[in-house]
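Below is one structure; the comments refer to it alone.
The values are calculated or read from the model by the stated rules, or taken from the named source; none is laboratory data. Everything quoted here is computed from the prediction, not taken from an experiment. Here Cβ is always computed from backbone atoms with ideal geometry, including for glycine, and neighbour counts include all displayed protein chains. Accessible surface areas use protein heavy atoms only, side chains included; no ligands, DNA or RNA. Shrake-Rupley method; radii C 1.70, N 1.55, O 1.52, S 1.80 Å.
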Amino acid sequence: MLVFAHRGASADAPENTLLAIKAALTQGCDGIEIDVHQHGDKLVVIHDHWLHRTTNGTGQLKDHSFEALQQLNAGSDERIPTLWQVMECIAGRCLLNIEIKGVSDVQLVLDNIEKAIHELNFTLDHFIVSSFDHHLLRSIKAHNPDLKIGALTASKPIEYAAFAQALNAYSVNADISFVDEAFVLDAKQRGLKFFVYTVDQPADLATLASWQVDGVFSNGPGKAKAFLAK
């Protein structure tokens, strides 16, 4: 079972910062999940479109210039990184799940991925692009049919993983609150991978492993890896 560092190793460093990315790599994660918002022609790595939860800023991302955002403290004197800075930090050493949140121009994401493949030791197989916005995922698949997409859900649909199959997704990325063995089995019968967020408790890891879940997103990837290795 793969272990993705959720927003980096966010139990040990401020989420979605380069410090959290470096901690995740040190802990031996299989992949790293980050959140991306578009700001003009830039892609910034932050979970919320409001600033106050994860930085010392106030208001929304759109209320500030890119230069002003770069001056904010995102915890432990870290800055809000760009997608490219995160890619430079990882440099093909693990998988990268890019969750697109406030993004209107998917070509920006695709251009970053293509550049990283040419310059940073990534291959196309290193990337999964996920979103709760399935319209965006459909657009990404239309632009690059070979790029893996992860269809996010915080529910258990009546037809289980049919929504992800319809998108030609690589994976279902599902909230642990709504995951059961039938949901996992349905996805696998449709040829989909099944990833679960956010998983930090050993008992949950054991249950999901018994259901043959393909991967989990964990705030403490090192601890999750150590437990699964037992």
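Assorted remarks:
- Selection status of Glu119, more than 20 Å from Val172 (Cα to Cα), buried (at least 17 other Cβ atoms within 10 Å of the Cβ) and among the charged types (D, E, K, R): no
- Only a single criterion out of (1) on the phi > 0 side of the Ramachandran plot; (2) buried (at least 17 other Cβ atoms within 10 Å of the Cβ) is not satisfied by Asn168, namely (2).
- With respect to the stated conditions, Ala154 fails to be among the hydrophobic types (A, V, I, L, M, F, W, C), within 18 Å of the chain's Cα centre (by Cα), at pLDDT 95 or above and surrounded by 24 or more Cβ atoms within 10 Å (Cβ to Cβ).
- Flag if Val103 is out of contact with any Phe, Trp or Tyr (no Cβ under 7 Å at 6 or more places or on another chain), under 27 Å from Val86 (Cα atoms) and among the hydrophobic types (A, V, I, L, M, F, W, C): yes
- Count of residues meeting criterion [open to solvent by 50 Å² or more (accessible area, probe 1.4 Å) and either assigned to a loop (DSSP other than H, G, I, E, B) or in contact (Cβ under 8 Å) with a residue 24 or more places away in the chain (or both)] in the range 135-151: 4
- Per-region count, the range 62-88, residues buried (at least 20 other Cβ atoms within 10 Å of the Cβ) and outside any loop (DSSP other than H, G, I, E, B): 4
- Residue check, Leu208 open to solvent by less than 30 Å² (accessible area, probe 1.4 Å) and more than 23 Å from Asp30 (Cβ to Cβ): no
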